[in-house]
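> Starting off with a structure, shown below.
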Amino acid sequence: MNPSRWLTLHGLLLAALARPAVAAEHPLRLWYEKPAATWVEALPIGNGRLGAMVFGDPLRERLALNEDTLWSGGPRNWNNPDARTWLPKVREAVLAGRYAEADALAKKMQGPYNQSYQPLGDLLVDFDVPGEVEGYRRELDLDRAVATTTFRAGGATHTREVFASFPDQVIVLRVSADRPGQVSFTARLASRLRHATAAEGQDAIALRGRAPSQVDPSYLGDTKDAARYDEGPGAEGMRFTAIVKAVVRGAEARTTPEGRLEVRGADEALLFVSAATSFNGFDKSPAREGVDPDAGARRPLAAAAAKPLSALHDAHVADHERLFGRVRLDLGAPATDRATDERLRAYRHGEDSALVALVFQYGRYLLVASSRPGTQPANLQGIWNEDVRPPWSANWTMNINSEMNYWPAEVTNLSECHEPMLRFLSDLARNGRETARVNYGARGWVAHHNADLWRQSGPVGNWGQGDPKWANWPMGAAWHSMDLWEHYAFTRDAAWLRDFGWPLVRGAAEFALDWLVPDGRGGLATAPSFSPENTFRAPDGSESGTGQSTTSDLALLRELFTNAIEASTILGADAELRREMQGALARLPPYRIGRGGQLLEWSEEFEEPEPHHRHLSHLIGLHPGRSITPAETPALAEAVRRSLELRGDDSTGWSMAWKVNLWARLGDGDRAHGLIGYLLRLVETRRTGYSGGGGVYANLFDAHPPFQIDGNFGVTAAVAEMLVQSHRRADDARAPVIELLPALPSAWPTGRVAGLRARGAFGVDVEWEKGRLASATLRSDRGGLCVVRYGSRTLSLPTRAGETVRLDGALARR
Ligand code: FUC
């Protein structure tokens, strides 16, 4: 045994604790005085691919494990050739105002439901701990991405640390005590999927399993055989393997044939957890064309177990820090030593602004832990899920949720973490091109409401059973094209735009051009058209979600064409298509304002059956889009404000997170801040609520309810949006305007943020005092004009690549 392996973590921990003043005052930790009683109290760790929820019970540790490619089903044909024959009939009904009829006919254009993200299983460790447990504490240190449980029992202090290493592709659980011989436990693996367990020699155990070939979405309720396994030789379904290997000091590990691992009287034990599936790409059967999950699980394990713990730990922390450590935020609240759940209960009027900073950084932590180059993009639950039928299949829901997941990626300096989503879009476009052709006879590529591991691009709904207001929405490619454009806008990587981003945006634009039809009045229309999940009352009294030229559609197409025109101009590419888009843009019906001063959601001012609906799709032009801004289109911005008032504040988690972003774009920091208060409500139900009651769980996971990670990512983006914005163009359109403190709430009079990013490839640090800008630092990655704005002052200055510009509170150079 290499003694340097046992250079205990404690020394390393102390070194890591030496942090700048901001962190010392407001340590970025979630901590609790009790073990997690439920999954939403447990603490998440992850390396983008492998995830675990750590419960921290002194007597029985549970690591609820996930692997991001473990899904039900496999590739299949979801395209619906009949859709093409129904489309003209639906269009005719829509354009004639026969909405109920159109709604019924639209169902005939649907395909199958998508598949579900699956839980891998649990590592369960039953400990022999003598005597009473005292001085219990568990925590998640966001700076190091390590979850730690400590307590005293039997005269010893026991410590358990867990981290998920990206460089070494394993989860490491270290069990130790400060007196020799105190480490005794039995570990085993369990799963809710079909599986078998076995010993792997003296010091390791394995679980091998198979996922169902079909899982019905949770929202269908009780269905017969909701999770179905294929039977017989060559049965379909993802294979997977998890292996846990022990390295023990001061005793020997032993295993039983059925897969228990026992350690008695050791000084210290390391458990290395590795897992892999047979996933071999979105277009390959995981059964017939899969890779060997055993080989995948063994590969990183042998290498990791041969390294000293200090090396594993250091490589993990350095790798995490490299991303997570880029942004520092101090909102200037007094330090508190209260447990995190206590802080949530106490958060009323925003005195604990350090809790907001913690939630902001938690969103960044979760993105780093769930979305790394080469992994799957963060799904509705990131990578963390314990259910065989998780809410909404834990899929990628593209009518807001999957987009929101990536709102913080660029602006909070985690551009690399955007990669899984960008690559997902290129997969999706391959399937979506076929769907565009088969279902609609259109060019380019289309994506609808839901996608899964298999990159389902067709509408869901089980061939006619879904409600068109969600199932038939065909704007997934249009909306997600913003990811592609924004990645370029923040990085200014023109080679990437040419080779990767532009072909995808172009395909989305081609589909959009073919989807538009003449409206009979010289303009263009979308028909059928949806305002995701919402409905209107048609003049004949019927309630429908199928309409024409919804504001949401028009906003998405306006953003898409604007970005695509800009991209093609920068690249000097596809002049013909550019002209087509310019022509279409000019013929899109304008935004319209209703009798109540609100931005109209529908093509006419229909009665709205659900005025407080959670979706805010008609407001996309203000955020995440840029076609509405208070400076350039004040009347429309005012109409958005009115719409927000009419929608009300209380809603689901993601909806409120979106509202914070919208109020930030309206420059109303106090409204934005007030909504953050709603988002910090401690939620104790996991039942699905659609019309209010969102907040967070004790572990700060966003509560729709139930848990949905988009709200975490949405609020992180929103806090950044309150401090720095850069979506607006300078008057001469040559550069983005970097607006400092555009929506600073009165509750944060003093603070600083370092390491945010602005469009144009700038790094931005800002400090403020007594509610006013004190200083700012801009780092120009690629040179070019830098336009900075604070209040009514604007400074324009040319920059060189690599130049740092320091400004005082009056925007004068220091
Ligand atoms: C959409 C939303 C729901 C939920 C689901 C995942 O259907 O309307 O609120 O977020 O996605």
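> So which residues in region 523-546 are under 21 Å from residue 560 (Cα atoms) and away from the ligand (no atom under 16 Å from the Cβ), if there are any at all?
Taking region 523-546 first, the residues under 21 Å from residue 560 (Cα atoms) are 523-532.
Hits for region 523-546 are 523, 524, 525, 526, 527, 528, 529.
> Going by what's in this entry, would residue 758 be described as farther than 26 Å from residue 649 by Cα, at pLDDT below 95 and either surrounded by 21 or more Cβ atoms within 10 Å (Cβ to Cβ) or among the hydrophobic types (A, V, I, L, M, F, W, C) (or both)? Break it down into steps so the answer makes sense when it comes.
Values: farther than 26 Å from residue 649 by Cα: yes; at pLDDT below 95: no; either surrounded by 21 or more Cβ atoms within 10 Å (Cβ to Cβ) or among the hydrophobic types (A, V, I, L, M, F, W, C) (or both): yes.
Answer is no for this residue.
> Also, I was wondering about something else. Cβ-Cβ distance below 8 Å, separation of 6 or more or different chains: which pairs start in region 489-501 with a residue that is assigned to a helix (DSSP H, G or I) and end on one that is aromatic (Phe, Trp, Tyr) and buried (at least 20 other Cβ atoms within 10 Å of the Cβ)?
Listed pairs, sorted by first residue: 494/488; 496/488; 497/488; 501/485; 501/488.
> Inspect all residues belonging to region 469-480 and state whether any of them is open to solvent by 10 Å² or more (accessible area, probe 1.4 Å), away from the ligand (no atom under 16 Å from the Cβ) and either touching a Ser or Thr at 6+ places or on another chain (Cβ under 7 Å) or not in a helix (DSSP H, G or I) (or both).
Looking through region 469-480, none of the residues is open to solvent by 10 Å² or more (accessible area, probe 1.4 Å), away from the ligand (no atom under 16 Å from the Cβ) and either touching a Ser or Thr at 6+ places or on another chain (Cβ under 7 Å) or not in a helix (DSSP H, G or I) (or both).
> Among the candidates 423, 433, 443, single out the residue that is of a type outside the set (A, V, I, L, M), at pLDDT 95 or above, assigned to a loop (DSSP other than H, G, I, E, B) and more than 16 Å from the ligand (Cβ to nearest atom).
Matching residue, one of 423, 433, 443: 443.
> Any idea how many residues of region 185-194 are assigned to a strand (DSSP E or B) and buried (at least 19 other Cβ atoms within 10 Å of the Cβ)? Quick ask: steps written out before the conclusion?
Keep residues of region 185-194 that are assigned to a strand (DSSP E or B), which gives 185-190, 194.
Of the ones still in play, those that are also buried (at least 19 other Cβ atoms within 10 Å of the Cβ) are 185, 187-189.
Matching residues across region 185-194 total 4.
> Now, a different point. In region 642-696, what residues are within 16 Å of the ligand (Cβ to nearest atom), part of a loop (DSSP other than H, G, I, E, B) and more than 30 Å from residue 36 (Cβ to Cβ)?
Answer for region 642-696, where residues must be within 16 Å of the ligand (Cβ to nearest atom), part of a loop (DSSP other than H, G, I, E, B) and more than 30 Å from residue 36 (Cβ to Cβ): just 648.
> Are any residues in region 409-430 over 19 Å from residue 716 (Cα atoms) and of a type in the set (Asp, Glu), and if so, which ones?
Within region 409-430, just 427 meets the criteria.
> Any chance region 710-717 includes a residue that's over 26 Å from residue 752 (Cβ atoms) and within 16 Å of the ligand (Cβ to nearest atom)? Please lay out each step first, then the result.
Taking region 710-717 and keeping what is over 26 Å from residue 752 (Cβ atoms), we get 710.
Filter again for within 16 Å of the ligand (Cβ to nearest atom), leaving 710.
Yes, region 710-717 contains a residue that is over 26 Å from residue 752 (Cβ atoms) and within 16 Å of the ligand (Cβ to nearest atom).
> Read through the list (1) modelled with pLDDT of 95 or more; (2) within 30 Å of residue 149 (Cα to Cα), then give the number of the only condition that residue 130 fails.
Status for residue 130: all satisfied but (1).
> Pick out the one residue from 513, 504 that is over 23 Å from residue 550 (Cβ atoms) and assigned to a helix (DSSP H, G or I). Break it down into steps so the answer makes sense when it comes.
On the way: 513 fails: over 23 Å from residue 550 (Cβ atoms).
Sole residue among the options that is over 23 Å from residue 550 (Cβ atoms) and assigned to a helix (DSSP H, G or I): 504.
> Now for a different question. From the list 719, 787, 766, which residue is farther than 22 Å from residue 629 by Cα and among the β-branched types (Val, Ile, Thr)? It would help to see each step written out before you state the result.
On the way: 719 fails: farther than 22 Å from residue 629 by Cα; 787 fails: farther than 22 Å from residue 629 by Cα.
Exactly one residue qualifies, and that residue is 766.
> Might you let me know whether region 299-312 holds any residue that is open to solvent by 10 Å² or more (accessible area, probe 1.4 Å) and within 30 Å of residue 358 (Cα to Cα)?
yes
> Restricting attention to region 530-560, which residues are open to solvent by less than 10 Å² (accessible area, probe 1.4 Å), assigned to a loop (DSSP other than H, G, I, E, B) and within 30 Å of residue 580 (Cα to Cα)?
Once the filter is applied, which keeps residues that are open to solvent by less than 10 Å² (accessible area, probe 1.4 Å), assigned to a loop (DSSP other than H, G, I, E, B) and within 30 Å of residue 580 (Cα to Cα), region 530-560 yields 530, 531, 532, 545, 546, 550.
> Same structure, new question: Given (1) over 29 Å from residue 474 (Cβ atoms); (2) open to solvent by 20 Å² or more (accessible area, probe 1.4 Å), where does residue 52 come up short, assuming only one miss?
Unmet for residue 52, out of (1) over 29 Å from residue 474 (Cβ atoms); (2) open to solvent by 20 Å² or more (accessible area, probe 1.4 Å): (2).
> Somewhere in region 119-126, is a residue closer than 30 Å to residue 447 by Cα and over 31 Å from the mean Cα position of the chain (by Cα)? First the steps, then the outcome.
Residues of region 119-126 that are closer than 30 Å to residue 447 by Cα, as a first pass: 119-120.
From what is left, the residues that are over 31 Å from the mean Cα position of the chain (by Cα) are none.
Scanning region 119-126 turns up no residue that is closer than 30 Å to residue 447 by Cα and over 31 Å from the mean Cα position of the chain (by Cα).
Residue-by-condition table, conditions (1) modelled with pLDDT of 95 or more; (2) in contact with a Leu (Cβ under 8 Å, 6 or more places away or on another chain):
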| position | (1), (2) |
| --- | --- |
| 507 | yes, no |
| 518 | yes, yes |
| 521 | no, no |
| 533 | yes, no |
| 543 | yes, no |
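> Same structure, new question: How many residues are of a type outside the set (D, E, K, R), assigned to a helix (DSSP H, G or I) and away from the ligand (no atom under 16 Å from the Cβ) when one looks only at region 616-641? Steps first, please.
If we filter region 616-641 for residues that are of a type outside the set (D, E, K, R), which is where we start, we get 616-625, 627-631, 633-637, 639-640.
Subsequent filtering for residues that are assigned to a helix (DSSP H, G or I) retains 617-619, 634-637, 639-640.
Within this subset, residues satisfying the condition of being away from the ligand (no atom under 16 Å from the Cβ) are 634-637, 639-640.
Total satisfying the criteria: 6.
> Moving on. Starting from region 215-226, keep only residues that are surrounded by 13 or more Cβ atoms within 10 Å (Cβ to Cβ), then list their pairs with residues that are part of a loop (DSSP other than H, G, I, E, B) and modelled with pLDDT under 95 whose Cβ atoms are within a distance under 7 Å, requiring at least 6 positions of separation or different chains.
216/223
The values are calculated or read from the model by the stated rules, or taken from the named source; none is laboratory data. Computed from a predicted model, the values in this text were never measured in an experiment. A quick note on method: Cβ atoms are made from the backbone with ideal geometry, for glycine too, and the neighbour counts reach across all protein chains shown. Accessible surface is based on the protein model in full, side chains and every heavy atom, while ligands, DNA and RNA are left aside. Shrake-Rupley method; radii C 1.70, N 1.55, O 1.52, S 1.80 Å.
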